[in-house]
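Here the structure comes first, spelled out in structure tokens, and everything after it is commentary.
Nothing in this text is a laboratory measurement; each read-out follows from the coordinates by a stated rule. Not measured: the values here are computed from a predicted model. Here the Cβ is made from the backbone with ideal geometry for all residues, glycine too, and neighbour counts use every protein chain on show.
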Amino acid sequence: MSQESQYILTVDDLVRSIGRGRDEVVSAFSKDELTKLPGGKWGLTSEVAKRYLSGKGVQYEFKVIAYINLKGGTGKTTSTISVATRAVQYGYKTCILDMDAQANSTLAFDEVPDEEDPIFCDVWRNPKEMVMGSIRSINDGLYILPSSLENSLLDVNLSNPGSQKKAVYGVCEVIKDNGFDLIMIDCPPSLGTAVISAICAADIIVIPVCCDDFSLTGLDFTLIEIESICDTFNLKKPDIHILLTQFDKRLNISTNAIEKISSRYPGYLVPFPIRTSSLYSKMLEKKKTVFALTAKCRAKTDYDRYVRFLLKPGGIFENGGADG
């Protein structure tokens with residue numbers, strides 16, 4: 001598939017996600033609305049999927065979702081880009097803000113900016129004039145404001161508390177005003193000003209954690225800092241979800257992690273852990289996510305059910321969804 005068509009929702013995926021019969025779903029579309037995919041499959045563009053799902057009661061409520069953990073290697077980037085691509089398939093016009101100077105989300109989509117290309121540290125002061133000319137189109141409905149090492153300057157540029165409160169929020173407001181449904185923020189693994197500003201803008205904060213004790217310690221510090229920042233800026237506390245990644249139910253460390261998190265932070269743990277899979281790294285090598293695949297697989301199933309839990313779109317999703 002071309003770059004423009006690699007994140008088309010397959011009809012089979014839609015059938016599984018809403019729990020309806022295939023014949024019923026296919027009959028809802030005209031021949032012109034169906035896109036032929038390799039392997040004899042049929043797909044739906046983001047626009048067609050949104051039109052269908054909107055008609056079935058799905059609500060596209062605007063959200064800013066930040067992926068934060070003060071420890072690295074927990075799956076922030078994998079979760080950011082996987083959720084973004086699945087959301088686009090469900091019709092959400094989505095923009096990724098890569099705030100990490102390591103630029104992993106940017107690298108994942110092969111969108112490395114040239115030296116003269118603006119990134120977040122260039123646009124936050126004047127978002128109305130600069131943001132929309134700086135984001136890049138990855139796929140129909142999917143965009144990114146790329147990052148580079150220069151974003152490490154944010155700790156200096158955002159030293160003023162007033163700037164920290166407004167920087168990410170101001171950029172998100174411009175993107176929202178230009179018709180986007182969803183903003184996904186990939187944050188660096190540190191408590192710098194980029195993370196503080198992202199917390200101030202977020203409706204939802206997702207903390208991906210692995211099952212080891214080091215990750216759980218990072219979780220404790222992250223939650224403490226979120227609470228402190230909200231108190232400092234007199235902000236309403238965003239919804240917080242803890243997403244368990246690299247989960248293997250055959251290992252005691254995985255089941256123990258669920259018990260520890262559930263007991264220490266009741267109500268925060270996402271009920272669908274992301275199981276370990278080599279597909280994530282294999283697809284990243286191809287500059288894609290698992291949702292570029294048209295076949296059913298465990299990696300897609302895990303992030304699909306998590307997306308439906310996270311976005312809570314209502315409508316037809318309420319009564320269906322195969323969790324396989």
0 to 90° range, to nearest 10: angle between helix 161-177 axis and the chain longest Cα axis: 20
Residue-span extension gain [Asp32 to Phe62] - 0.36 nm each, minus C-alpha spacing: 7.9 nm
Student exercise, the range 104-238 dipole from Lys, Arg, Asp, Glu Cβ charges, in Debye to nearest 20: 600
Gyration tensor verdict on the range 1-58 (Cα atoms; rounded if a/c is under 1.5, prolate if a/b is larger than b/c, oblate otherwise): prolate
R0 of 56 Å, Cβ-Cβ distance Ala295-Ser163: FRET efficiency to nearest 0.05: 0.75
Acute angle (nearest 10 degrees) that the helix 298-311 long axis makes with the longest principal axis of the chain, alpha-carbon atoms: 70
Pairs beyond 22 Å (Cα-Cα), from Lys31/Lys296; Lys76/Lys287; Lys288/Lys312: Lys31/Lys296; Lys288/Lys312
GluC sites (Glu not before Pro) restricted to the range 76-148 and DSSP loop, no more than 13 other C-beta within 10 Å: Glu115, Glu116
Protection-proxy order for peptides 35-45, 190-200, 146-156, each taking the mean of Cβ atoms within 10 Å per residue, highest first: 190-200, 146-156, 35-45
Taking the chain and dividing mean pair separation by its residue count, relative contact order in percent (alpha carbons under 8 Å, at least six apart): 24
Radius of gyration and Dmax over the Cα atoms of the chain, both given in Å: 19.2, 58
Which of Ile261, Ile65, Ile224 has the fewest Cβ neighbours within 10 Å, and the rest in rising order: Ile224, Ile261, Ile65
Acute angle (nearest 10 degrees) that the helix 76-89 long axis makes with the longest principal axis of the chain, alpha-carbon atoms: 40
Nitroxide proxy distance, nm - points 7 Å out along Cα→Cβ at Leu251 and Val112: 3.1
Packing-based exposure ordering (other Cβ within 10 Å, fewest first) of Cys187, Cys121, Cys230: Cys230, Cys121, Cys187
